[in-house]
Amino acid sequence: MKKIAMITGATSGIGEACVRAFITAGYRVIATGRNIVKLNALKDKFGVDLFPLIFDVRDREIAEASVASLPEEWSRIDVLVNNAGLALGLDREYEGDYNDWDTMIDTNIKGLLTMTRCVVPGMVERNCGHVINIGSVAGDAAYANGNVYCATKAAVKSITDGLRIDVAHTEVRVTLLKPGLVETNFSNVRFHGDDERAANVYKGITPLTGADIADAAIYAAQAPKHVQIAEMLILATHQANGSTIVRSN
Ligand code: NDP
Ligand code: 8X3
């Protein structure tokens with residue numbers, strides 16, 4: 001019987017790469033997201049190995065109802081990849097946008113917690129499972145103008161550590177992946193659709209790809225049962241931390 005991975009934010013970037021990687025590794029995948037067209041395209045591409053589930057992770061009631069509505073044959077989730085998330089804006093903290101702050105906090109922290117609350121009780125009951133949270137190098141230390149986004153990813157680090165402690169009496173494993181610069185739709189979203197500004201983020205450096213992060217997720221998921229990959233910091237070769245990036249001309 002194939003294992004089941006649930007991947008949030010499966011419609012773009014790292015999440016979409018994880019869908020591909022987990023299916024290639026022999027899993028069936030529950031792909032969750034808000035973009036119905038994209039989810040249907042994934043369904044067309046991966047067929048019986050993919051189950052699309054449409055909801056916004058910020059809507060707690062719908063998220064809970066969606067997970068509860070899974071057909072019996074899709075209900076035993078082996079791996080939860082908590083990936084849905086975003087940055088909005090790159091402003092001084094004292095000039096930041098309240099709505100952007102709320103959206104980041106509601107998605108990156110509260111959405112991730114909702115999914116954990118919905119899925120992990122089943123893992124504990126079955127005494128098996130794996131939660132892979134997508135944090136960020138941004139959670140290690142704040143960088144200029146990153147303030148609230150960095151704080152949400154620092155929260156993901158604490159929430160992940162807390163979960164690891166709280167399931168340590170079980171076989172459930174908990175992993176935090178902390179990517180650096182990954183070229184996805186992330187910067188277009190951060191800069192509210194300013195493609196030129198987004199492209200500049202990746203100028204003069206070879207950034208990571210979604211597939212690089214999916215590789216790390218697969219490595220953690222496929223580690224022997226007694227091995228818990230607690231944390232991985234994955235950076236482009238010319239990035240040293242959240243604020244040190246050496247670019248070529
Ligand atoms: P993308 O913008 O390419 O993908 C983000 C995904 O999250 C999309 O599928 C998006 O769906 C989904 N999403 C956002 N908000 C919600 C929501 N409220 N409910 C459901 N789905 C939602 O960016 P990335 O792939 O780069 O980002 C994935 C994760 O990786 C994020 O948590 C991000 O913080 C983290 N990360 C990214 C890095 C980078 O440099 N790119 C580095 C470190 C961490 P939709 O299209 O509908 O908005
Ligand atoms: C995404 C990486 O450095 O843009 O979390 O914050 S960074």
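Laboratory data are not the source of any read-out in this text; all were calculated from the coordinates shown. Every value quoted in this text rests on a predicted model; they were computed, and no experiment measured them. Please note: Cβ atoms are built from the backbone with ideal geometry, for glycine as well, and neighbour counts cover all protein chains shown.
Restricting the GluC sites (Glu not before Pro) of segment 109-197 to loop positions (DSSP other than H, G, I, E, B) with no more than 16 neighbouring Cβ atoms within 10 Å leaves Glu171. Here's the list of lysines a cross-link from Lys157 could span, going by alpha-carbon distance under 25 Å and ignoring same-chain residues fewer than 8 apart: Lys110, Lys178, Lys225. Across the options Met232, Leu208, Asn127, the greatest Cα extent toward the positive end of the charge dipole of the chain (unit charges at beta carbon of Lys, Arg, Asp, Glu) belongs to Asn127.
Here is the list for segment 61-119: trypsin sites (Lys or Arg not before Pro) lying in DSSP coil, each with at most 11 other C-beta atoms within 10 angstrom of its C-beta, are Arg92. Overall, segment 149-249 carries a charge dipole of about 180 debye about its Cα centre when +1 sits on the Cβ of Lys and Arg and -1 on the Cβ of Asp and Glu, all other atoms neutral. The alpha-carbon of Lys38 sits under 15 angstrom from the alpha-carbons of these aspartates and glutamates, leaving out residues fewer than 8 places away in its chain: Glu16, Asp56. Extending 7 Å from Cα along the Cβ direction at Lys225 and again at Lys203 yields two label points whose distance is 5.3 nm.
Pairs of Cα atoms nearer than 8 Å and 6+ residues apart set the relative contact order; for the chain it is 20 percent. In this Cβ point-charge picture (+1 for Lys and Arg, -1 for Asp and Glu), segment 34-86 has a dipole of about 260 debye about its Cα centre.
For segment 145-161, the Karplus equation 6.51 cos²θ - 1.76 cosθ + 1.60, evaluated at θ = phi - 60°, returns couplings of 6, x, 3, 5, 4, 4, 5, 5, 7, 5, 5, 4, 4, 5, 5, 5, 4 Hz by residue, with Gly and Pro reported as x.
Counting only Cβ charges, +1 for Lys and Arg and -1 for Asp and Glu, the dipole size of segment 4-234 around its Cα centre is about 480 debye. For segment 151-230, trypsin sites (Lys or Arg not before Pro) are listed when DSSP marks them as loop and at most 11 other Cβ atoms sit within 10 Å of their Cβ; the list is Lys203, Lys225. Farthest toward the positive end of the dipole of segment 41-106, out of Ala68, Gly96, Phe51, is the Cα of Phe51, where the dipole comes from beta carbon charges about the Cα centre.
Taking 0.36 nm per residue of separation and subtracting the Cα-Cα distance, full extension of the segment from Ala144 to Ile165 would add 4.4 nm. The alpha-carbon atoms of the chain, seen along their principal axes, cover 51, 38, 33 angstrom, with the largest extent given first.
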